[in-house]
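Report on the structure given below.
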Amino acid sequence: MLLPADPSQNRPDQRSTGMTELEFLPVPPADLDRIRCNGHDDFGNQLVVRSVGPGAPLRCCLTLSRDGDQLALIAYRPSSLGGPYAEVGPVFVHADECPGYSGSSFPADFADRRAVLRPYDAAGLMLDGVLAEPGESEGELKRLFDDPSVAVVQVRNVIAGCWNFSVRRQVA
Ligand SMILES: [Zn+2]
């Protein structure tokens, strides 16, 4: 586990502007491969394949499930930094290999959902969050990243608070 970094060693990139390109991060394919191969998630929960119908947010390919999709509900910790803010929570993923998500644009299936946007600094400490109405998440994200102390933003469900995906500045 990484120790929280000394904030003085993480001087924000002063070149960042409102033009910053963003990167949208699902559960990484390597994590999915390991979990699917093990037959359990990283917290010991057995993979139970189920069909939950349409509309479940999938954190493997950042789409909403369709009728007949075979899914697994896993416990996942989206932050690898550790520390008190590195929460573990339930997320749906495809039970079998799927195309994943490599887009540099906001995932279309998530654009018209309400969302909580939670910014974190480079040490993994949570900063002030935002409640985004349908259609507002992308604009609110760009606004949050105008703050150079914001390293990562987690997009989460409003009611249950479950993590949907993370966003960071694209590395040039
Ligand atoms: Zn998927």
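Against the test of being β-branched (Val, Ile, Thr) and open to solvent by less than 20 Å² (accessible area, probe 1.4 Å), the options Val116, Val130, Val153 yield a single qualifying residue, Val153. In the set Pro57, Pro99, only one residue is under 12 Å from the mean Cα position of the chain (by Cα) and either farther than 25 Å from Thr20 by Cα or open to solvent by 30 Å² or more (accessible area, probe 1.4 Å) (or both); that residue is Pro57. Condition first: in a loop (DSSP other than H, G, I, E, B), within 16 Å of the ligand (Cβ to nearest atom) and among the polar types (S, T, N, Q). Now tell me which residues in region 32-64 satisfy that. Answer for region 32-64, where residues must be in a loop (DSSP other than H, G, I, E, B), within 16 Å of the ligand (Cβ to nearest atom) and among the polar types (S, T, N, Q): just Ser51.
Residues of region 80-89 include none that is within 16 Å of the ligand (Cβ to nearest atom) and surrounded by 12 or more Cβ atoms within 10 Å (Cβ to Cβ). Applying a threshold of 6 Å to beta carbon distances and a minimum spacing of six or more residues, or different chains, the list of pairs starting in region 146-172 at a residue that is without any contact (Cβ under 8 Å) to a residue 12 or more places away in the chain and ending at one that is among the basic types (Lys, Arg) and open to solvent by 50 Å² or more (accessible area, probe 1.4 Å) is empty. Quick check: anything in region 4-23 at pLDDT below 95, open to solvent by 40 Å² or more (accessible area, probe 1.4 Å), touching a Gly at 6+ places or on another chain (Cβ under 8 Å) and of a type outside the set (Ser, Thr, Tyr)? Yes, the conditions are met somewhere in region 4-23.
The values are calculated or read from the model by the stated rules, or taken from the named source; none is laboratory data. Predicted, not measured: the structure shown is a model, and the values here were computed from it. Quick reminder, even Gly has a Cβ in these numbers, built from the backbone with ideal geometry, and neighbours come from all protein chains shown. Just so you know, the surface numbers come from the protein's heavy atoms only, side chains and all, with ligands and any DNA or RNA stripped out. Shrake-Rupley method; radii C 1.70, N 1.55, O 1.52, S 1.80 Å.
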